[in-house]
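Notes to accompany the following structure.
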Protein chains: 2
Amino acid sequence: MRVLLLLAHGSRRHGSNEEIRHLSQRLAECLRDCYAHVAPAFLELAEPSIPAAIDEAVNAGTAEVVLFPYFLSAGRHVCEDIPRLVGEARQRHPHVRLELRPYLGELPGLIELIVASLRER
Amino acid sequence: MRVLLLLAHGSRRHGSNEEIRHLSQRLAECLRDCYAHVAPAFLELAEPSIPAAIDEAVNAGTAEVVLFPYFLSAGRHVCEDIPRLVGEARQRHPHVRLELRPYLGELPGLIELIVASLRER
């Protein structure tokens, strides 16, 4: 059973966190053939936190957690905070595979998407 | 002469701001048929600021500035800070067309891009 966690920053705006939850639901629908469960996890300002979401997945019996940082650039959160949280989780759960994927800003095809949107009028 | 400004948050990490500048250059290459100039503009922590980048484009003779928020969710920056800065710039430059485009997180096709990346192993 593989679980996908959508890692987001979290916001003081309720609507912004709801956007992430909604995206998580859409990903769950689109990826149901790959992931038994998809859930959001927030770095700050919203719940659940990243450690809490990882622990919850592990406690539910997951052997593999895939973590996708929904971040655009390699700032402090992507380069330091998230790897540190994942490292700590690996120490708490040495028998669970925790796979940290490339962050959104690094995905191939992103620039083509932006170019297409800025070309249309 | 139309100018595109890539609006980003800005980071304390030099490398993160360089990512934005690099993306801006790539967009300039891809969109040279649509925009005479493409430049980054930062909300905070990096230069140029959004107002400074707008003013510079206007002073260079631009009649139309397209602003693309490189942000993922409708938090305070997208909903309040950027519209306020654009509104203030419209008051400074009433004869220039300032077009605020939808932010990255709203672009059609983004979820398909994410789904494809999370499906591949």
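The values are calculated or read from the model by the stated rules, or taken from the named source; none is laboratory data. Everything quoted here is computed from the prediction, not taken from an experiment. Neighbour counts run over all protein chains shown; Cβ positions are idealised from the backbone, glycine included. In case anyone asks, the SASA skips ligands and DNA or RNA and just uses the protein heavy atoms, side chains included. Shrake-Rupley method; radii C 1.70, N 1.55, O 1.52, S 1.80 Å.
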- Consider only pairs whose beta carbons are under 9 Å apart and that are at least six residues apart or on different chains; among these, list those whose first residue lies in the range B:98-121 and is facing another protein chain (nearest Cβ under 7 Å) and whose second residue is among the basic types (Lys, Arg) and in a helix (DSSP H, G or I). B:ILE111/A:ARG26; B:VAL115/A:ARG26
- Task: Return yes or no: is A:GLU64 without any contact (Cβ under 8 Å) to a residue 60 or more places away in the chain and open to solvent by 20 Å² or more (accessible area, probe 1.4 Å)?
- Result: no
- Task: Identify, from the list A:PRO40, A:PRO48, the residue that is within 11 Å of the chain's Cα centre (by Cα) and not charged (D, E, K, R).
- Result: A:PRO40
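Condition check ((1) facing chain B (nearest Cβ under 8 Å); (2) more than 30 Å from B:PRO69 (Cβ to Cβ); (3) out of contact with any Phe, Trp or Tyr (no Cβ under 7 Å at 6 or more places or on another chain)) across all residues:
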position: A:LEU6; (1), (2), (3): no, no, no
position: A:ARG32; (1), (2), (3): no, yes, yes
position: A:PHE42; (1), (2), (3): no, no, yes
position: A:LEU45; (1), (2), (3): no, no, yes
position: A:GLU56; (1), (2), (3): no, yes, yes
position: A:ALA63; (1), (2), (3): no, yes, yes
position: A:PHE71; (1), (2), (3): yes, no, no
position: A:GLU80; (1), (2), (3): no, no, yes
position: A:VAL86; (1), (2), (3): no, no, yes
- Residue among B:GLY75, B:GLY15, B:GLY10 that alone is at the interface with another protein chain (Cβ under 8 Å from one of its Cβ atoms), within 30 Å of A:LEU7 (Cβ to Cβ) and crowded, with 16+ Cβ neighbours inside 10 Å: B:GLY75
- Message: touching a residue at least 12 places away in the same chain (Cβ under 8 Å) and open to solvent by 20 Å² or more (accessible area, probe 1.4 Å): which single residue out of B:ASP33, B:ASP55 fits that description?
- Response: B:ASP55
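Residue under question is A:ARG26, and the condition is that it be over 30 Å from B:SER16 (Cα atoms), touching a helix residue (DSSP H, G or I) at 6+ places or on another chain (Cβ under 9 Å), at pLDDT 95 or above and open to solvent by 40 Å² or more (accessible area, probe 1.4 Å); does it hold?
no
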